[in-house]
Each structure stands twice: as structure tokens, then as C-alpha cells.
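The values are calculated or read from the model by the stated rules, or taken from the named source; none is laboratory data. In this text the structure is predicted, and so the values were computed from the model without any measurement. Because the Cβ atoms are built from the backbone with ideal geometry, glycine has one as well, and the counts that use them run over all protein chains shown.
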Amino acid sequence: MSKRILLTSLLVTLFVLIFFTVASIEIYHGQTVDEAENTLTAFMNVYESTDKDIRELSDTLDGARITLLDSNGAILDDTGGGEKGEVLTDDEILDAMKNGTGIAERYSADSAETEVFMCKSTEDGYVRISVLIPSPSTMFVRALPMLTVFIIIDIILCLLFTWLATSFILRPVKELAQASIGNDKKVSVRYKELQPVADVINQKNDYVRESQNSKDEFISNITHEMNTPLTSIRGFAELISSGNMDKAKTVKAGKTILRQSERLSAMITQILHYSAIDDDRLTPYEVNVSTLVREQLNSYVPLLKDKSLTLEEHIEDGVTVSSRRERIVEILDNLVSNAIKYNKQNGKIIVTLDARKLAVEDTGIGIAHDELPHIFSRFYTVDKSHGENVGFGLGLSIVRKICELSGWTLDVDSTPGEGTKFTIGFRK
Ligand code: ADP
């Protein structure tokens with residue numbers, strides 16, 4: 001970065017320096033030509049008011065070249081050594097022939113200077129006086145030593161500027177980068193211009209911290225939840241392997257081990273489901289929810305019979321949402337299984353679907369008011385007994401995750417002892 005600043009400042013300042021030198025030379029040269037023209041007018045006046053020989057006069061006029069021409073432009077005499085009789089057709093002469101006076105300037109290769117000419121008609125023909133002034137290239141060569149000094153000063157100033165820029169501008173950025181290492185503390189800045197960068201770093205750090213905490217909590221919950229069935233399996237396995245149990249107790253212990261390992265495996269499946277949904281970035285497509293919900297509800301019929309539950313369906317035809325089949329199945333499966341699990345004997349389950357919402361309502365045990373804010377948290381179960389029939393507390397967190405990813409709302413309304421209603425708003 002400092003190299004870039006140095007290079008850019010050098011290029012810009014060198015360009016400006018050279019541009020201004022050339023421009024100044026051009027302006028100065030223009031002024032010198034104007035002055036030369038004034039001088040020539042004065043010389044012309046002197047010529048007109050004197051009878052001196054032109055060589056004598058030239059000495060008096062600082063060595064100005066005087067050329068006398070006949071009415072055709074042929075040289076009669078020339079202090080500059082022009083050949084007598086040679087006919088000149090230079091601009092100033094042609095102008096003088098036309099208008100009485102002519103002025104022109106030309107680069108003189110012999111002297112490497114600019115020659116300014118003034119020609120005027122006289123009684124016998126024409127007189128032309130010229131003076132030499134420095135040409136722009138000569139001026140540039142003369143300015144070169146000064147320009148070199150300026151370029152050296154410029155390089156020193158640019159180095160100084162780069163050093164200042166890197167120390168004063170980049171130092172706060174370096175400090176910011178240093179402060180952003182680690183996610184623990186809030187990054188603060190001295191300069192308000194850097195506040196947006198600090199805000200982004202703080203947001204990112206908050207996110208990383210939250211994800212880390214959430215991951216730690218998730219792992220600790222999983223370990224805790226798995227410990228219960230594992231302890232039970234281990235206890236019964238030890239009893240069986242001691243060989244001190246009679247056959248009936250051994251069979252009972254074996255059944256418990258089987259149930260607990262099934263529970264463990266069900267839990268692992270749920271955890272896998274949860275993490276699959278957490279990482280699910282698959283592209284959504286239009287799903288016909290009406291057809292899908294009807295299909296899915298049929299598969300619950302055997303489970304409904306166990307508790308003699310009635311299923312009421314209010315499903316509008318042709319309801320579609322932008323989602324994926326497996327997400328809708330996951331939501332419905334969790335909500336309906338809970339409505340069955342937490343229902344009373346001879347209870348009712350009402351499933352409503354229209355373009356704006358999907359609702360699953362039951363006439364079960366309900367949820368206490370103070371439990372409601374927690375039921376969507378991972379591994380949260382109202383019944384903390386960890387009994388064999390109690391769930392793992394992942395179902396509703398999966399439903400919430402899908403709703404969050406889809407931009408849907410998720411509401412719960414429950415009255416203990418009367419029932420619960422979960423509503424998903426498609427926000428249409
Ligand atoms: P679980 O696997 O325990 O059912 P969920 O995440 O699905 O986990 O539900 C979390 C808690 O919310 C449950 O333990 C239960 O106490 C309560 N709950 C969920 N649905 C209902 C319902 N329909 N009726 C009563 N309680 C419910």
C-alpha cells in the first residue's frame with residue numbers, strides 16, 4: 001500500500017510539475033514575442049527618423065538585423081548577410097506588401113532561437129527588422145537544472161507524504177485489525193470514518209460468538225440427553241453380564257436395553273434432521289401443500305386409533321408455497337405427532353390449510369403459560385422426567401428453524417387442560 005501511495009503521488013506530482021513548467025514556458029515565450037514586437041515597433045520608428053547606414057543603425061539597436069528590400073521583395077542590403085538580389089517571400093514581407101506592415105516569428109535553426117520579424121513598406125520598397133528571442137526548447141533546456149532540483153524536492157516530499165499517510169492513515173486501520181482479533185471484546189475506533197468498519201467487525205464477532213455459544217450449548221445438551229438412556233443400558237448390561245439375574249428379569253432387562261437403544265437411535269435421527277435443516281440451502285420450488293398435507297394425514301390414521309382420536313381436516317384446494325416437500329412434511333410430522341402425543345383419550349385434532357396459513361389444533365393437555373416462550377428451544381421439554389415416553393425437545397425447534405429459513409411466522413396458542421394450536425403464517 002505504501003508503495004502504491006508513493007508511486008501515485010510521484011506520478012501525479014511529476015506530471016503536474018512538468019505540465020506547469022511547459023505551460024509556464026509557453027506563456028513566457030508568448031510574452032517575450034509580444035515584447036519583441038513592441039521593441040521592433042520602436043526600432044522601426046528609429047529607422048524612419050534616421051539617415052544612418054543600416055549597419056551603424058543595427059549596432060545602435062542592440063545588433064537587430066536590418067534588411068532592405070525593393071518593391072518586389074528582392075534584397076537590396078542585409079546586415080544579416082542575406083544575398084543581394086534574392087527575392088524573399090516570407091509571411092511578414094507578403095503581409096507588408098498587402099497591408100503596409102507585416103509581423104511574423106520563425107524558429108532559426110542556426111541560432112536555435114526564435115526570430116521575430118517586422119516588415120514595413122517604405123518609399124523605395126520595404127524594410128525588415130528582426131530580433132532574436134529564446135525559443136521554447138531553449139527555455140526548457142535552460143529551465144532543466146531548476147526542474148531537476150524541483151523533481152528531487154518532489155521525490156523527498158512524496159516520500160515524506162507516504163510516510164505520513166501510512167503512519168497517520170493506516171495506523172488506525174492497523175489498530176482496528178489488531179483489535180478485531182478474537183471475538184470477545186467490542187471493537188471501538190478513534191475516527192468516526194472507521195466506525196462502519198468497526199460496526200461490521202462487531203456484528204461479525206457477535207455472530208461468531210452466538211454461533212459458538214449455541215454450538216457449545218447444543219453439544220452439552222446432546223451429551224446430557226444421551227447420558228440417560230446410556231446409563232440405563234449400561235446398568236442393565238452389567239446386571240446381565242454378572243449372571244446373577246433369573247431368566248424373567250434378564251428378559252425384562254434385555255427389553256429395556258432394546259427400548260433405550262431405540263430411543264437413542266431415534267434421538268440421533270432427530271439430531272441429524274435438525275443439523276440437515278440448519279445447513280439446508282437447497283433451492284425452494286412451488287409445492288402443492290393441499291395435496292401433500294392430505295397424503296401425509298392419511299399415514300397417521302393407525303396412530304389416531306390408539307387414543308381414539310378424531311381428525312378434522314379443513315383443507316383448501318390448490319394451496320401452493322415456495323418451499324421443498326421435505327420441509328412441509330417435517331413441519332406437519334412434528335406438529336401432528338405432538339398433537340397425538342399430548343392429546344387426551346377421545347380427543348380431536350383439527351388441521352386447517354388455506355393460502356395464508358397452516359394450523360394444527362388439538363384438544364390435549366395444553367401448555368402452561370410460562371412454558372410457552374421456551375417450547376421452541378432445542379431440547380426443551382415441559383416434562384423434565386426424561387421418561388421413556390417423553391420426547392427429546394427437538395421437534396418444535398426444527399419447525400421454528402424451517403419457518404425462519406422460509407420467512408414464515410410461527411405462533412402458538414394454548415390453554416392448559418383444553419388444548420393447543422400451532423399456526424404457521426405464509427405471509428402472502
Ligand atoms: P418433544 O419431542 O418433547 O415433543 P417438541 O420440541 O416437539 O419436543 O416439543 C417441546 C415441548 O413442547 C414438549 O416437550 C411438550 O411439552 C410441549 N408441546 C409441544 N407440542 C404440544 C402440544 N400439542 N400439546 C401440549 N404440549 C406440547
Point to revise | Which listed residue is surrounded by 15 or more Cβ atoms within 10 Å (Cβ to Cβ), within 12 Å of the ligand (Cβ to nearest atom) and not assigned by TED's automatic domain parsing to the domain that holds Asp411, from Gln260, Gln270 | key: Gln270
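So, Glu26, is that one over 19 Å from Ile129 (Cβ atoms), among the charged types (D, E, K, R) and part of a helix (DSSP H, G or I) or not? Give the derivation first.
Working: over 19 Å from Ile129 (Cβ atoms): yes; among the charged types (D, E, K, R): yes; part of a helix (DSSP H, G or I): yes.
Criteria met by Glu26.
Among what's in segment 391-411 and is of a type outside the set (D, E, K, R) and more than 8 Å from the ligand (Cβ to nearest atom), pick the residue that is surrounded by the most Cβ atoms within 10 Å (Cβ to Cβ). Before you say what the answer is, go through the steps one by one.
Initial filter on segment 391-411 (of a type outside the set (D, E, K, R)): 391-399, 402-403, 405-410.
Right, trim to more than 8 Å from the ligand (Cβ to nearest atom) and you get 402-403, 405-410.
Values: Ile402: 22, Cys403: 19, Leu405: 15, Ser406: 19, Gly407: 10, Trp408: 19, Thr409: 12, Leu410: 19.
Per the criteria, the residue is Ile402.
State yes or no: is Thr89 part of a strand (DSSP E or B), in contact (Cβ under 8 Å) with a residue 12 or more places away in the chain and among the polar types (S, T, N, Q)? Don't jump to the end; show me each part of the working.
On the way: part of a strand (DSSP E or B): no; in contact (Cβ under 8 Å) with a residue 12 or more places away in the chain: yes; among the polar types (S, T, N, Q): yes.
In short, no.
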Point to revise | Any chance Glu330 is more than 9 Å from the ligand (Cβ to nearest atom), surrounded by fewer than 17 Cβ atoms within 10 Å (Cβ to Cβ) and outside any loop (DSSP other than H, G, I, E, B) | key: no
Check your understanding: Taking segment 1-25 on its own, how many of its residues are at pLDDT 90 or above and of a type in the set (D, E, K, R)?
Key -> 0
Point to revise | All positions within segment 358-385 that are modelled with pLDDT under 85, surrounded by 14 or more Cβ atoms within 10 Å (Cβ to Cβ) and more than 6 Å from the ligand (Cβ to nearest atom) | key: Arg378, Phe379
Exercise for review: Can you give me the number of residues within segment 196-249 that are surrounded by 11 or more Cβ atoms within 10 Å (Cβ to Cβ) and not in a helix (DSSP H, G or I)?
Suggested key: 1
Exercise for review: Could you please tell me which pairs satisfy a Cβ distance under 7 Å, a separation of 6+ or placement on different chains, a first residue in segment 352-376 that is over 20 Å from Ser397 (Cβ atoms) and among the basic types (Lys, Arg), and a second residue that is away from the ligand (no atom under 15 Å from the Cβ) and part of a loop (DSSP other than H, G, I, E, B)?
Suggested key: Arg356/Phe426; Arg356/Lys428; Lys357/Phe426
